[in-house]
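Below you'll find the structure, written out as structure tokens, and then a few comments.
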Amino acid sequence: MGVRDTAAATDAGQHRSVAVVVIGAGQAGLSAAHHLRRSGFEPERDFVVLDHAPRPGGAWQFRWPSLTYGKVHGMHALPGMELTGADPARPSSEVIAEYFTAYEETFDLRVRRPVDVRAVREGQDGRLRVETSDGVWSTRALINATGTWDRPFWPRYPGQESFRGRQLHTAQYPGPKEFAGQRVVVVGGGASGTQHLMEIAPYAAATTWVTRRPPIFREGPFTEDWGRSAVAMVEERVREGLTPLSVVSVTGLAVNDAIRAARAHGVLDRLPMFDRITPTGVAWDDGRTVEADVILWATGFRAAIDHLAPLRLREPGGGIRMEGTRAALDPRVHLVGYGPSASTIGANRAGRAAVREIRRLLAGEPVSVPAV
């Protein structure tokens with residue numbers, strides 16, 4: 001291949017060199033690692049996968065127990081190995097963690113975990129320096145697949161610190177039974193917000209749903225044209241260096257039987273966003289108030305890319321300008337599972353596209369703008 005780097009250790013085993021470092025072992029990272037192997041790269045010799053999670057499963061391993069596999073929408077198999085025979089009644093955290101474990105073993109990906117990546121900065125001789133809790137890696141190319149789970153977004157509202165009840169984020173959601181007999185305000189118009197509401201409503205004393213914009217409910221199947229249009233909208237933002245929207249935010253909420261029933265029973269009657277938080281609930285400037293014991297922020301996540309800050313890749317718009325999977329300001333850096341590829345099928349495609357471009361880079365060929 002002409003890309004081999006010896007992963008021989010120096011500095012008492014703490015400084016190693018490879019051709020490619022993959023950060024993250026969720027859907028996007030495992031897809032990239034798979035395509036590296038298919039292209040002739042050997043794990044530990046030519047590339048390494050670093051994952052901060054304690055075990056396989058990506059962000060799925062942290063999902064709430066009531067999110068069963070049968071409730072998961074759009075989970076696409078990793079390249080080269082189908083997920084078959086899964087019990088739809090089992091928690092998705094268990095089903096997908098077992099699948100990822102089998103995938104890593106089948107393709108001998110040798111993921112190193114738990115390893116925290118603290119910073120990626122310019123190294124010597126045109127290489128990147130990846131500083132981690134397990135020492136330093138020197139690499140010619142980087143595939144960043146860190147996703148968003150580690151950066152839950154908490155909006156700020158006046159009076160938030162005065163609230164005497166409980167505030168928690170989707171990332172901390174324990175399941176519906178913990179809200180029995182309580183008055184719950186759910187904030188957020190995405191899939192998580194609607195799922196939380198529908199689960200909590202049978203247990204809670206009362207639920208209130210608030211969103212910044214009126215939710216868009218879409219009838220009919222999720223078509224390929226619909227998906228392409230949504231991805232194109234997100235892609236345009238990252239091409240301009242803006243912070244990416246989630247694909248779900250531009251597709252709207254697909255209507256199924258559960259959502260129809262919840263709407264019929266008033267569970268999904270939405271109120272506009274409140275203006276402030278009071279010690280006992282939330283309030284609007286028009287005088288309306290809602291008493292609450294819990295505020296559940298289903299307000300999404302942001303890309304976990306702070307470790308890339310030393311490379312100065314962010315644009316004035318707050319995002320990293322992308323050309324395909326490649327950071328426009330540094331052809332050595334590829335982001336998969338970011339922006340338009342922040343879905344399971346998008347991550348698969350992005351992993352393949354990133355490896356194709358990295359092979360060209362390492363071979364000294366001109367880089368192009370790939371289709372993800």
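Bear in mind these aren't lab numbers, they're just calculated from the coordinates by the rules spelled out. Values in this document were obtained by computation on a predicted structure and should not be read as measured data. Every residue, glycine as well, gets a Cβ built from its backbone with ideal geometry; the counts of neighbours run over all protein chains shown.
Results, tabulated for the structure shown:
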{"quantity": "The range 136-170 residues near the modelled ALA205 label - backbone nitrogen below 15 Å, point 7 Å along Cα→Cβ", "calculated": "164-166"}
{"quantity": "The range 273-342 shape via C-alpha gyration tensor axes, a/c threshold 1.5", "calculated": "prolate"}
{"quantity": "Label-point gap, in nm, between HIS15 and ARG312 - each point 7 angstrom along Cα→Cβ", "calculated": "2.4 nm"}
{"quantity": "Antiparallel content of DSSP bridges confined to the range 67-213, in %, to 5", "calculated": "70 percent"}
{"quantity": "Mean projection area, nm², convex hull over Cα of the range 46-176", "calculated": "11.5 nm²"}
{"quantity": "Net +/- balance of residues flanking GLY57 in space, Cβ distance below 13 Å, scoring K and R +1, D and E -1", "calculated": "-1"}
{"quantity": "Segments 59-67, 255-263, 86-94 sorted - mean Cβ within 10 Å per residue, highest first", "calculated": "59-67, 86-94, 255-263"}
